[in-house]
Amino acid sequence: MRFAGKRAIVTGGNRGLGRDFARGLAAEGCRVMIAGRSKTDLEKAARGINDAGGECLYQQTDVTDSSEVTALVERTVAELGGVDILINNAGGSMGAPHGSIDAIEQEHWDAVMHLNLRAVYLCCKAVAPLMKAQGFGKIVNLSSLAARIGGTVTPLPYSSAKGAIITFTRHLAQELGPYGINVNSVAPGIILSGPRLQGMWQERLSDKEKQAYLSRVPLRRLGTVEEITGPVLFLCSEEAAYISGLNLDVNGGLFSV
Ligand SMILES: NC(=O)c1ccc[n+]([C@@H]2O[C@H](COP(=O)([O-])OP(=O)(O)OC[C@H]3O[C@@H](n4cnc5c(N)ncnc54)[C@H](O)[C@@H]3O)[C@@H](O)[C@H]2O)c1
């Protein structure tokens, strides 16, 4: 039970990878608060974890809104007694166009930046004073392969925001390290985390594009949800106590520095 006695917030914990991170933490003794937009999905995801013997609460939250993020953290403290782990997982390209910069309107740019970058800043800012006071904390931010190679199947604002997350992570790791807080990021390659990603892979990409992507991946396949969950939970654990400021590339060997 690597996370016995710990309390975590997982943003976007209602579906996809976030739900798996929450499940994984709870299965190892962590009490978890999941936050996301869809109340139905949140309720279902929390019930699934609780039925499996874990402890999971949920709060409907728009993570781009500072007052909602503050309310999320306040409720977590009230119900769970504190926050030891924050996984900033909520993110996505929000339907922004994939083509030329000419097609990217300012609204697309702002919306994608707010979801993928502002939300990470807001959530970190909200938990940092608590973690500093307790002298312990683990923050893991979800970046993307798109940050490393530029968007191939993702739009410009998405790859830009995910790139900024890596720098944000390094900066915050330096600032919070003296307080016993580890801050790391994980940059997954394409993972079929749910219907949305399956649709993108199966419908938006041609067979030729899929083959082109897979031929660049040294391991010649997509990653599984478990293959992302393992590295993320590792960075939340004491096994990674001396790792901070790292971006962990999890992409079958396509890109790493
Ligand atoms: N799946 C992949 O191939 C892949 C690859 C690289 C990076 N990522 C990143 O991993 C993370 C999870 O991806 P996923 O595949 O599970 O995506 P997903 O679309 O299935 O899940 C995104 C989550 O973000 C939440 N969310 C969106 N807007 C929100 C808002 N305003 N407030 C609160 N929550 C909000 C959604 O409710 C959902 O739970 C994302 O940050 C994504 O960019 C995924």
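Each value in this text was obtained by applying a stated rule to the coordinates, not by laboratory testing. None of the values given here were measured: they were computed from a predicted structure. Using ideal geometry, Cβ is built from the backbone for each residue, glycine included, and neighbour counts are taken over all protein chains shown.
Can you give the translational diffusion coefficient of the chain in µm²/s, computed by Stokes-Einstein from the Kirkwood radius over Cα pairs at 4 °C and 1.567 mPa s? Using the Kirkwood radius from Cα pairs, D works out to 71 µm²/s. Once Lys and Arg get +1 and Asp and Glu get -1 on their Cβ, which of 78, 33, 63 lies farthest toward the positive end of the dipole of the range 26-80? So the residue we want is 33.
Taking every Cα-Cα distance in the range 40-192 and sorting them into 5 Å bins from zero, the calculated P(r) comes out as 2, 9, 16, 18, 19, 16, 11, 6, 2, 0, 0 percent. Taken one residue at a time, the phi angles of the range 17-27 give Karplus couplings (6.51, -1.76, 1.60, θ = phi - 60°) of 4, x, 5, 5, 5, 5, 4, x, 5, 5, 5 Hz. Gly and Pro are set to x.
Residues whose amide H lies under 5 Å from that of residue 57, counting only those 5 or more places away or on a different chain, are 32, 33, 34; hydrogens are built 1.01 Å from N in the peptide plane. One chain, two ends: residue 255 and residue 79. Fully extended at 0.36 nm per residue, the span grows by 59.3 nm beyond their Cα-Cα distance. Under a 5 Å amide H cut-off, with hydrogens placed 1.01 Å from N, residue 185 pairs with 141, 246, 247, 248 among residues at least 5 apart or on other chains.
Backbone geometry of the range 46-52 corresponds, through the Karplus equation with coefficients 6.51, -1.76 and 1.60 at θ = phi - 60°, to 3J(HN,Hα) couplings of 5, 4, x, 5, 5, 5, 7 Hz, x marking Gly and Pro. Within the shell of other residues whose beta carbon sits under 15 angstrom from the beta carbon of residue 137, the net charge comes to +2, with Lys and Arg scored +1 and Asp and Glu -1.
For the range 158-257, the convex hull spanned by the alpha carbon atoms encloses 112 Å³ per residue.
Here the 3J(HN,Hα) profile of the range 161-173, calculated from phi with Karplus coefficients 6.51, -1.76 and 1.60 at θ = phi - 60°, is 5, 5, x, 5, 4, 5, 5, 3, 4, 4, 4, 5, 4 Hz, Gly and Pro shown as x.
Over 29 Å between Cα atoms: which of 162/208; 6/125; 125/210; 6/39; 162/210; 44/138 fall into that group? Table pairs above 29 Å Cα-Cα are 125/210. Only Lys, Arg, Asp and Glu carry charge here, each on its Cβ (+1 for the first two, -1 for the last two); on that basis the range 174-227 has a dipole of about 280 debye about its Cα centre. Taken about its Cα centre, the range 143-257 carries a charge dipole of roughly 460 debye when the Cβ of each Lys and Arg holds +1 and the Cβ of each Asp and Glu holds -1.
About its Cα centre, how strong a charge dipole does the range 2-123 have in debye, to the nearest 20, once Lys and Arg get +1 and Asp and Glu get -1 at the Cβ?
The calculated dipole for the range 2-123 is roughly 560 debye.
Packing, taken as the mean count of other beta carbons within 10 Å per residue, orders the peptides 219-225, 184-190, 139-145 from highest to lowest as 139-145, 184-190, 219-225. Here the spin labels are modelled as points 7 Å beyond Cα on the Cα-Cβ line, and at residue 28 and residue 204 they lie 3.1 nm apart.
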